[in-house]
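Working notes, beginning with the structure itself.
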Amino acid sequence: MGYPSEREDLIAHVAGVQQVAFLTGDFHTFLAGDVRPAESADKATAVAPEFRSGSITSQGLGEGQGGVLPGANDANPNTNPALIDALKQFNPWVHDADLDHHGYGIAEARSDELKVTFRRVKTIKNRSRERLPDLRWTVEKGQRSLF
């Protein structure tokens, strides 16, 4: 992770602000969780929820022959659930993760809530309109943690 001191400065600032959420991309993987100081395992330290949208076409962590993750396979991206569990053990701020599929995120902000939807497709390897179930969260006003 780059810029650790700048990250901590931003977290310290955001800790005093209500109704903050981080919406990011360019990680090529769907992740949802909390932003916490110094990656604290204590959910009470969360300053904001974070949503990282997957990619539409760029290779994700669960794809590619001999890719980033053990067993990565373009023909059948399907990360072993044990690896997802290990990710959550190592990164206790991760609430949900999909390392294999493509799609995009939709954010709907209202005065009292933020609704985030990750819309995912089954494959981009051949023409198909088949989708996977959406991943959805509703963050209520003042909510700082997804847990």
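For residues in the range 1-38 being of a type in the set (D, E, K, R) and surrounded by fewer than 18 Cβ atoms within 10 Å (Cβ to Cβ), which is modelled with the lowest pLDDT? Among those that are of a type in the set (D, E, K, R) and surrounded by fewer than 18 Cβ atoms within 10 Å (Cβ to Cβ), it is Asp26. Within the range 115-136, the set of residues being more than 18 Å from His95 (Cβ to Cβ) and part of a loop (DSSP other than H, G, I, E, B) comprises Lys122, Thr123, Ile124, Lys125, Asn126, Arg127, Ser128, Arg129, Glu130. When you check Glu50 against the structure, is it under 26 Å from Ser145 (Cβ atoms), acidic (Asp, Glu) and free of Cβ contacts under 8 Å to residues at least 60 places away in the same chain, yes or no? Taking the combined requirement at face value, the residue satisfies it.
Considering Ala97, Ala109, the condition of being touching a Lys or Arg at 6+ places or on another chain (Cβ under 9 Å), small (Gly, Ala, Ser), under 30 Å from Ile124 (Cα atoms) and free of Cβ contacts under 8 Å to residues at least 24 places away in the same chain is satisfied by Ala109 alone. Note on the range 39-56: residues that are of a type in the set (Ser, Thr, Tyr) and at pLDDT below 90 total 1. The condition (being assigned to a loop (DSSP other than H, G, I, E, B), over 18 Å from the mean Cα position of the chain (by Cα), at pLDDT below 90 and surrounded by 15 or more Cβ atoms within 10 Å (Cβ to Cβ)) is satisfied by just one residue among Gly62, Gly67: Gly67.
Of the residues that make up the range 70-88, is at least one assigned to a loop (DSSP other than H, G, I, E, B) and closer than 11 Å to Phe30 by Cα? The answer is no; no qualifying residue exists.
Is the range 98-114 home to any residue that is in a loop (DSSP other than H, G, I, E, B), in contact with a strand residue (DSSP E or B) (Cβ under 9 Å, 6 or more places away or on another chain), of a type in the set (Ser, Thr, Tyr) and at negative phi? Within the range 98-114, not a single residue is in a loop (DSSP other than H, G, I, E, B), in contact with a strand residue (DSSP E or B) (Cβ under 9 Å, 6 or more places away or on another chain), of a type in the set (Ser, Thr, Tyr) and at negative phi.
You will find that of Thr45, Thr29, the residue that is over 30 Å from Arg120 (Cα atoms), among the polar types (S, T, N, Q) and under 19 Å from the mean Cα position of the chain (by Cα) is Thr45 and no other. Between Leu83, Leu146, the distinction of being under 21 Å from Gly33 (Cα atoms) and free of Cβ contacts under 8 Å to residues at least 60 places away in the same chain belongs to Leu83 only. Looking only at the range 74-94, count every residue that is at pLDDT below 85 and either over 17 Å from Val121 (Cβ atoms) or surrounded by fewer than 16 Cβ atoms within 10 Å (Cβ to Cβ) (or both) and tell me the total. Number satisfying all stated conditions: 5.
The values are calculated or read from the model by the stated rules, or taken from the named source; none is laboratory data. Bear in mind the structure is a predicted one, so any value in this text is a computation, not a measurement. Glycine also receives a Cβ, built like all others from the backbone with ideal geometry; neighbour counts cover every protein chain displayed.
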